[in-house]
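In what follows, a single structure is set out as structure tokens and then discussed.
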Amino acid sequence: MAKSERFAYGSVLEALSRGLYPDKRHILREFVQNSYDSLAEFRRKHPKRQLQPIEVKIQAPSIFIADHGLGMSETEIRQYRYLGYSQKERAKHAGFRGIGKYSALAMAEKIIVDTSPFGAAKRFQVIIHADRMIADAQQRRNRPLEEILEENAEFSNAPANEDDHYTFVELHGLSRESASLLDIDDVRGYLSGTAPVPFDPQFRHSKEIQQKLRENIPDFLAVDLMLNGQPIYKPYFSDCQSPEFETILYRDDQSDVSAYCWYCQHSEKGQYDPRERAGLVFRVKNIAVGDGQLSRQMLWKKTPERAFYFFGEIHVLDADVTPSSDRTVFEDNPARQNLANRCLRISSNLNRKAGDESALRRFDEALDSAVSAISYRERQMKEGELPLELKDDIIYEIRTIQDDIQKRLRGPKNAKTLNRAKRIVGRSRRLIQSLKEAGFLDLAAELKFNPRLRLLYDSVIEVLREEFREDPERLERVVRRIHETARTRLK
């Protein structure tokens with residue numbers, strides 16, 4: 001092979017910078033992800049040392065990302081300039097491809113990286129001239145990639161305090177296409193749902209969930225993240241039931257864990273709002289992969305609307321389940337398919353819970369309606385306002401209520417609903433017995449109808465009953481008006 005033969009050219013840069021991350025916020029996540037990996041490695045090597053927060057600062061025209069992790073050695077910071085080169089391990093690190101940093105080429109004029117490695121009295125700096133790289137690649141067609149990278153990256157070093165350990169990144173001179181990243185509120189919302197941050201202390205279940213995650217996920221880590229001096233926390237819904245947890249095994253006959261899940265069900269009726277924050281979010285190394293829509297698409301084959309009756313997380317532990325470069329989906333491979341198949345039991349379980357909850361709510365609503373109807377008839381009976389013509393209809397109404405409750409008792413119920421239903425059934429039985437024995441208002445007897453008038457009146461009632469067969473409430477209103485009018489005119 002000739003020494004001058006090349007295998008990569010400058011057009012690769014444009015493809016990476018403009019095509020890899022259409023959502024510019026994913027680029028910011030890449031740098032936060034790198035900081036997270038550095039802090040995680042620092043904790044593994046120095047478990048007794050306190051971790052400091054990752055700090056993100058938005059100050060036009062730049063964005064700054066800083067961490068006090070291990071920092072980078074001279075060899076590592078020189079390798080930082082390499083495209084696609086990474087010594088990170090897929091099983092240990094969130095970022096391992098070595099291309100995320102170059103996704104920032106289209107959003108900033110320069111990428112400035114300052115770092116000081118733990119235990120070394122050295123400070124290193126790399127300046128990547130992103131704007132010059134892109135211009136070079138566009139103007140000089142098919143120029144070798146390594147030449148562009150080498151000519152447009154500067155390296156320097158200087159003495160430093162031996163106790164320092166950090167990596168500071170500045171994305172300097174944001175482009176117009178990346179102006180949305182200067183919206184602090186939007187960035188905060190994005191990072192709260194994506195970054196490996198802790199739960200909000202105001203969330204009453206935060207300690208329980210955090211403890212369960214630490215117990216069941218090896219090397220689980222949530223890191224403090226400050227945006228312009230204010231902490232970022234994971235979003236939550238306060239109107240939720242207590243959390244539930246589920247361990248997903250690779251296979252039923254093995255003890256190896258494929259994923260660990262927690263979720264909270266809506267304590268009110270229906271889906272959570274906003275739905276953008278609802279559903280179960282996949283996480284790898286505690287960094288989100290997609291949002292609740294991804295799990296809904298992968299796991300909910302039936303009644304997908306029930307996916308948003310819950311919020312929670314599915315932490316993926318299988319190292320072969322690989323997020324896509326932009327972490328919106330998973331790469332399609334056998335491990336992903338196995339994860340989806342194994343997690344179907346989560347959606348099945350949640351569907352059942354949501355169905356039971358809906359049935360219980362409908363049961364409670366039916367009991368409320370039953371109490372209202374029974375109380376109304378009891379009051380009418382006590383006040384002597386029940387037309388004799390409606391006796392059979394009213395008894396049928398109460399029996400229908402009674403039968404409906406008995407039927408619902410065969411479905412989902414809790415102790416409170418069960419006791420309440422039994423009381424209402426007993427009350428309906430007593431009412432039916434009283435209705436059979438009670439004196440109804442007999443308009444014909446009260447107004448002394450002769451046989452021909454009684455026959456005419458009964459015929460009218462029969463016609464009305466037929467006409468209003470599907471509208472018993474209207475039939476009752478009409479009969480009552482006949483009673484009132486007849487008393488007024490015939491007495």
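The values are calculated or read from the model by the stated rules, or taken from the named source; none is laboratory data. Just so we're clear, the structure is a prediction, and the values are computed from it rather than from any experiment. Don't worry about glycine lacking a Cβ; one is built from the backbone with ideal geometry, like all the others, and counts go over all protein chains shown.
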Inset, instruction - State all residues of the stretch 351-375 that are touching a strand residue (DSSP E or B) at 6+ places or on another chain (Cβ under 7 Å) and at pLDDT 95 or above; if no residue qualifies, say none. - result: none
Inset, instruction - State all residues of the stretch 117-158 that are closer than 22 Å to L171 by Cα, of a type in the set (F, W, Y) and in contact (Cβ under 8 Å) with a residue 60 or more places away in the chain; if no residue qualifies, say none. - result: F155
Inset, instruction - Return yes or no: is E462 surrounded by fewer than 16 Cβ atoms within 10 Å (Cβ to Cβ), acidic (D, E) and assigned to a loop (DSSP other than H, G, I, E, B)? - result: no
Inset, instruction - Can you give me the ranges of the helices (runs of 4 or more DSSP H) entirely in the stretch 1-79 with at least 1 residues that are in contact with a helix residue (DSSP H, G or I) (Cβ under 8 Å, 6 or more places away or on another chain), under 17 Å from V169 (Cα atoms) and at pLDDT 70 or above? - result: 25-45
Inset, instruction - Please state which one of E437, E389 is exposed (fewer than 12 other Cβ atoms within 10 Å of the Cβ), more than 26 Å from D368 (Cβ to Cβ) and outside the structural domain of R477 (by TED's automatic domain parsing). - result: E437
Inset, instruction - Could you look through the stretch 188-217, keep only residues that are within 18 Å of the chain's Cα centre (by Cα) and among the hydrophobic types (A, V, I, L, M, F, W, C), and pick out the one that is nearest to T247 (Cα to Cα)? - result: L213
Inset, instruction - Tell me which residues, restricted to the stretch 161-200, are touching a Lys or Arg at 6+ places or on another chain (Cβ under 9 Å), surrounded by fewer than 13 Cβ atoms within 10 Å (Cβ to Cβ) and within 23 Å of A222 (Cα to Cα). - result: D186
Inset, instruction - Go through the stretch 47-65 and give me each residue that's surrounded by 12 or more Cβ atoms within 10 Å (Cβ to Cβ), within 31 Å of the chain's Cα centre (by Cα) and under 17 Å from R25 (Cα atoms). - result: I54, E55, V56, K57, I58, I63, F64, I65
Inset, instruction - Scan (1) closer than 24 Å to H68 by Cα; (2) at pLDDT 75 or above; (3) of a type in the set (A, V, I, L, M); (4) in contact with a Lys or Arg (Cβ under 7 Å, 6 or more places away or on another chain) for the single condition A121 breaks and write down its number. - result: (4)
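Here is a yes/no grid of residues against (1) closer than 22 Å to P218 by Cβ; (2) in contact (Cβ under 8 Å) with a residue 24 or more places away in the chain; (3) aliphatic (A, V, I, L, M):
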{"site": "P274", "(1), (2), (3)": "no, no, no"}
{"site": "R296", "(1), (2), (3)": "no, no, no"}
{"site": "L299", "(1), (2), (3)": "no, yes, yes"}
{"site": "L317", "(1), (2), (3)": "yes, yes, yes"}
{"site": "N338", "(1), (2), (3)": "yes, yes, no"}
{"site": "C343", "(1), (2), (3)": "yes, yes, no"}
{"site": "L350", "(1), (2), (3)": "no, yes, yes"}
Legend entry - S258 being within 11 Å of the chain's Cα centre (by Cα) and not in a loop (DSSP other than H, G, I, E, B): no
Inset, instruction - Mind listing whichever residues of the stretch 200-221 are farther than 24 Å from D239 by Cα and not charged (D, E, K, R)? - result: N216, I217, P218, F220, L221
Inset, instruction - Would you mind stating whether G355 is touching a Lys or Arg at 6+ places or on another chain (Cβ under 8 Å) and closer than 23 Å to Y236 by Cα? - result: yes
Legend entry - Output for the stretch 222-257, where each listed residue is of a type in the set (D, E, K, R) and within 26 Å of R44 (Cα to Cα): D224, K234, D256
Inset, instruction - Kindly check whether there is at least one residue in the stretch 332-342 that is of a type in the set (G, A, S) and in a helix (DSSP H, G or I). - result: yes
Inset, instruction - Could you tell me whether the stretch 307-327 includes any residue that is assigned to a helix (DSSP H, G or I), touching a Phe, Trp or Tyr at 6+ places or on another chain (Cβ under 6 Å) and more than 21 Å from Y250 (Cβ to Cβ)? - result: yes
Inset, instruction - Answer yes or no as to whether E397 is under 44 Å from the mean Cα position of the chain (by Cα), modelled with pLDDT under 95 and in a helix (DSSP H, G or I). - result: yes
Legend entry - Residues that are more than 33 Å from the chain's Cα centre (by Cα) and at pLDDT below 80, drawn from the stretch 85-117: Y85, Q87
Legend entry - Residue ID - farthest from the chain's Cα centre (by Cα), chosen from residues in the stretch 230-255 that are in contact (Cβ under 8 Å) with a residue 60 or more places away in the chain and more than 20 Å from R345 (Cα to Cα): P231
Inset, instruction - Check the stretch 202-219 and report whether any residue there is assigned by TED's automatic domain parsing to the domain that holds S242, assigned to a loop (DSSP other than H, G, I, E, B) and under 30 Å from T75 (Cβ atoms). - result: yes
